[in-house]
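Structure, as structure tokens:
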Amino acid sequence: MTLPERLIALEHEGWDALVRGEGGRYYGEHLTADAVMAFPFGVLSREATIEAIESAPAWERFEITDPHVVALGDVGGIVVYDVVAQRPGEERYSAVVSTTFVRDGDGWKVAFHHQSPRA
């Protein structure tokens with residue numbers, strides 16, 4: 001599997017976990033110790049991210065489109081894409097998203113994630 005294919009697959013795995021209501025567990029295993037996530041409402045530490053995911057309702061569906069991967073040598077990569085997602089009973093959420101992955105032993109972890117909602 002190429003680097004772009006692997007990192008895009010990992011991004012789908014994260015969203016799939018959020019749909020199953022298992023996002024807290026998933027990201028607890030897949031965030032670096034110093035990871036941060038940036039949202040319009042603020043920047044969250046690793047611990048605050050996991051707490052926020054665990055307290056939020058699961059997503060009902062998501063669709064990732066137009067993914068791009070920027071390789072950071074052999075040690076990392078950034079996935080940038082558009083997403084449209086929806087929680088039950090809520091309006092659709094549309095955003096431009098970027099996730100920075102870093103190599104961790106034989107696997108990959110999320111070091112940074114950012115969402116910019118579309119108007």
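Numbers below:
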| item | result |
| --- | --- |
| Solvent exposure of the chain as accessible area per residue, Å², 1.4 Å probe | 56 |
| Apportionment of accessible area to carbon and sulfur, the chain, percent (1.4 Å) | 53 |
| Of Glu51, Glu90, Glu29, the one that fluctuates the most in a GNM where the chain has Cα springs shorter than 10 Å | Glu90 |
| 222 nm mean residue ellipticity, helices alone, for the chain (DSSP H n ≥ 4; -39,500 (n - 2.57); rounded to 500) | -9500 deg cm²/dmol |
| Karplus-derived HN-Hα couplings along the stretch 103-114 (A = 6.51, B = -1.76, C = 1.60, θ = phi - 60°), whole Hz, x at Gly and Pro | 5, 9, x, 8, x, 9, 10, 8, 9, 8, 9, 9 |
| Most fluctuating residue given options Asp74, Asp104, Asp16, as computed from a GNM of the chain linking Cα atoms under 10 Å | Asp74 |
| Residue-by-residue Karplus 3J(HN,Hα) for the stretch 43-53, coefficients 6.51, -1.76, 1.60, Hz, glycine and proline x | 9, 10, 6, 4, 5, 5, 4, 4, 4, 5, 5 |
| Antiparallel bridges, percent of DSSP beta bridges restricted to the chain (to nearest 5) | 90 |
| In sequence order, calculated HN-Hα J values of the stretch 82-89 (Karplus, 6.51, -1.76, 1.60; Hz; x Gly/Pro) | 9, 9, 10, 9, 8, 9, x, x |
| Contour minus Cα-Cα distance for Arg20 and Val96 (0.36 nm per residue) | 25.1 nm |
| Cα long-axis angle, helix 3-20 against the chain (0 to 90 degrees, to the nearest 10) | 30 |
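The values are calculated or read from the model by the stated rules, or taken from the named source; none is laboratory data. Model, not experiment: these values are computed from the prediction. Note: accessible area is taken over every heavy atom of the protein model, side chains too, but ligands, DNA and RNA are not part of it. Shrake-Rupley method; radii C 1.70, N 1.55, O 1.52, S 1.80 Å.
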